[in-house]
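Read-outs: derived from the displayed coordinates by stated rules, not from any lab. Bear in mind that the values here come from a model prediction, so they are computed numbers and not experimental data. Neighbour counts run over all protein chains shown; Cβ positions are idealised from the backbone, glycine included.
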Amino acid sequence: MDIKLKDYISIFIHQTDLKITNCVKERLAPFQLAPEQNLIMMLLWERDGRTQQELSEQLEKDKTNITRMVSSLEQKGFIKRVTEASDRRSVRIFLTEAGTALQDDVIPVVESFHRTVTAGITAKELEEVRRILTKMRTNME
């Protein structure tokens with residue numbers, strides 16, 4: 001075997017992702033949010049009333065995963081689902097009062113985490129990371 005385990009970039013990316021995910025999980029635990037649920041909340045804080053289809057597309061997750069996460073957030077009282085009167089198949093997701101209030105607590109945690117992860121990395125370097133990872137994703141399509 002010519003390539004050593006440490007040489008596989010996919011393993012390095014996976015290990016980095018695990019570290020990041022575990023750290024985010026710890027920081028979001030006091031708010032009863034899993035990292036992926038937080039992504040839904042952040043999209044809704046940007047624009048409330050998105051459809052499940054929009055969430056699925058934005059997060060590149062299948063509809064089953066989105067439905068599961070939305071159900072969990074609804075049980076926690078952070079969101080509510082509203083079926084469109086004009087199209088019964090279309091469901092819009094709206095923040096509840098509790099979900100809206102959560103933003104004031106969670107956004108500072110997310111911003112602090114972002115600063116921690118990107119400490120010592122320039123904007124140009126971050127753009128290069130995005131460019132390279134995008135290229136890798138494209139290679140997988």
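Ranking Glu36, Glu127 by Cβ neighbours within 10 Å, fewest first, what do you get? Before the final figure, lay out each step's value.
Values: Glu36 16, Glu127 10.
By the 10 Å Cβ count, ascending, the order reads Glu127, Glu36.
Rounded to the nearest Å, what's the spacing between the alpha carbon centres of the stretch 1-37 and the stretch 45-84? Just the number, please.
Rounded to whole Å, the Cα centres lie 24 Å apart.
When ranked by the protection proxy of mean other Cβ atoms within 10 Å per residue, highest first, what sequence do the peptides 2-13, 17-28 form?
Values: 2-13: 8.8, 17-28: 13.5.
Packing order, densest peptide first, comes out as 17-28, 2-13.
Express the relative contact order of the stretch 5-139 as a whole percentage, based on alpha carbon pairs under 8 Å and six or more residues apart in sequence. Intermediate values should be presented prior to the final figure.
Details: 94 pairs, mean separation 26.0, N = 135.
Value for the stretch 5-139: 19 percent.
Working from the pairwise distances between different alpha carbons, so that the mean of 1/r is found and then inverted, what is the stretch 1-68's Kirkwood radius in Å? Numbers along the way, then the final one.
On the way: mean 1/r = 0.0707 Å⁻¹.
For the stretch 1-68, the Kirkwood estimate is 14.1 Å.
Treat every Asp and Glu Cβ in the chain as -1 and every Lys and Arg Cβ as +1, leave all other atoms uncharged, and give the resulting dipole magnitude about the Cα centre to the nearest 20 debye.
Details: 22 positive and 22 negative charges, 48 e Å.
The calculation lands at about 240 debye.
Using 0.36 nm times the number of residues separating Val110 and Thr122, minus their current alpha carbon distance, what extension gain do you get?
Working: separation 12, 0.36 × 12 = 4.32 nm, distance 1.88 nm.
Additional length available on full extension: 2.4 nm.
I need the calculated FRET efficiency for the pair Ala34 and Val91, taking r as the beta carbon distance and R₀ as 25 Å, to the nearest 0.05. If you can, show how the numbers build up before the last one.
Numbers: r = 21 Å, r/R0 = 0.83.
About 0.75, to the nearest 0.05.
May I ask you to evaluate 6.51 cos²θ - 1.76 cosθ + 1.60, the Karplus curve with θ = phi - 60°, for each residue of the stretch 45-59 and list the ³J(HN,Hα) values in order in whole Hz, giving x for glycine and proline?
5, 5, 8, 5, x, 6, 7, 4, 4, 4, 4, 4, 5, 4, 9
Expressed in nm to one decimal, what extension gain is obtained for the pair Asp17 and Arg130 from 0.36 nm per residue of sequence separation less their Cα-Cα distance?
Details: separation 113, 0.36 × 113 = 40.68 nm, distance 1.42 nm.
Full extension of this stretch gives 39.3 nm more.
Which value in nm describes the separation of the simple spin-label points at Lys80 and Glu141, placed 7 Å from the Cα toward the beta carbon?
About 3.9 nm, to one decimal.
Using +1 at the Cβ of each Lys and Arg and -1 at the Cβ of each Asp and Glu in the chain, identify which of Ala34, Thr122, Leu95 lies farthest towards the dipole's positive end.
Selected residue: Ala34.
What are the residues whose amide H is under 5 Å from the amide H of Ile79, where those residues sit 5 or more places off or on another chain and H is modelled from the backbone?
Answer set, sorted by chain and number: Glu74, Thr96.
Grab the DSSP H runs of the chain that are 4 residues or longer, score each as -39,500 (n - 2.57), total them, divide by all residues and round the 222 nm result to the nearest 500 deg cm²/dmol. If you can, show how the numbers build up before the last one.
On the way: 6 runs with 91 residues, N = 141.
Calculated at 222 nm, the ellipticity per residue is -21000 deg cm²/dmol.
Work out from phi, with θ = phi - 60° and the Karplus expression 6.51 cos²θ - 1.76 cosθ + 1.60, the ³J(HN,Hα) of each residue of the stretch 16-30, listed in order in whole Hz, and give x for Gly and Pro.
5, 4, 4, 4, 4, 4, 5, 5, 4, 4, 4, 6, 8, 3, x
Starting with the highest mean, order 94-106, 66-78 by the number of other Cβ atoms within 10 Å, averaged over the residues of each peptide.
Details: 94-106: 14.8, 66-78: 17.3.
Top to bottom by mean Cβ count within 10 Å: 66-78, 94-106.
Taking the alpha-carbon distance from Lys63 and a cut-off under 18 Å, which aspartates and glutamates remain once sequence neighbours fewer than 8 residues away in the same chain are dropped?
Hits, sequence-local ones excluded: Glu36, Glu54, Glu74, Glu84, Asp87.
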